[in-house]
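Read through the structure below, which is laid out as structure tokens, and then see the notes.
A short reminder: the numbers here are calculations on the coordinates, not readings from a lab. Keep in mind it's a predicted model, so treat the numbers as computed, not measured. Counting neighbours? That spans all protein chains shown, and the Cβs are built from the backbone with ideal geometry, glycine included.
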Amino acid sequence: MEIVGFLAPWILIGIGVIFVSFSGGPGAAREAYLTRGRRTFGIFIVLLYIGIGIAVPAVVIASRGTREGNSAQLSQDKLRDAKPVVKEGRQLFTESCAACHNLDAVNARGVTGPDLDKIGTVTPARVLSAIKIGGTGQNRMPSGLLQGENANAVAQYVTQVAGK
């Protein structure tokens, strides 16, 4: 399908070149367009726009079917076999942490906190420490944002998915 999307503009340019050449050059093509060929050319252009308006979205929609990540069902399938603690950790991370941190597993795109996929080795102890003291000590993350089992669930989840 990508080939069709790539070739379509070149085919249209080729049709334009053929029109100009069979009309006898650029000046004659302009005259043909402005005088005798006006109605036919106008109908052709309308049909061309309608065809492209239908074909391009159809090609895009058709090519999306086999791509990973284009449906919510796919992300739910990955978690179906996960432990309840991991599911709870994902939910808590989304609610409490995703606004500040980047984490590809939940499509979090925060700008304040670090990218958890790129901070190196992530261990439950490291995550729990960051939650307890408020990140790296730069006072950007509130300390004690999550506590007890909630903090443990987020730590387990982030450890399993960060950087993968």
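Observations, loosely collected:
- Annotation: extensible slack from Ile13 through Glu31 equals 4.6 nm (criterion: 0.36 nm per residue apart, minus Cα-Cα distance).
- Computed E for Ile43/Val4 - FRET, C-beta separation, R0 30 angstrom, nearest 0.05: 0.80
- Shape call, region 2-63: gyration tensor on alpha carbons, a/c limit 1.5: oblate
- Here r is the Cβ-Cβ distance between Ala62 and Asp104 and R0 is 22 Å; the resulting FRET efficiency, rounded to 0.05, is 0.25.
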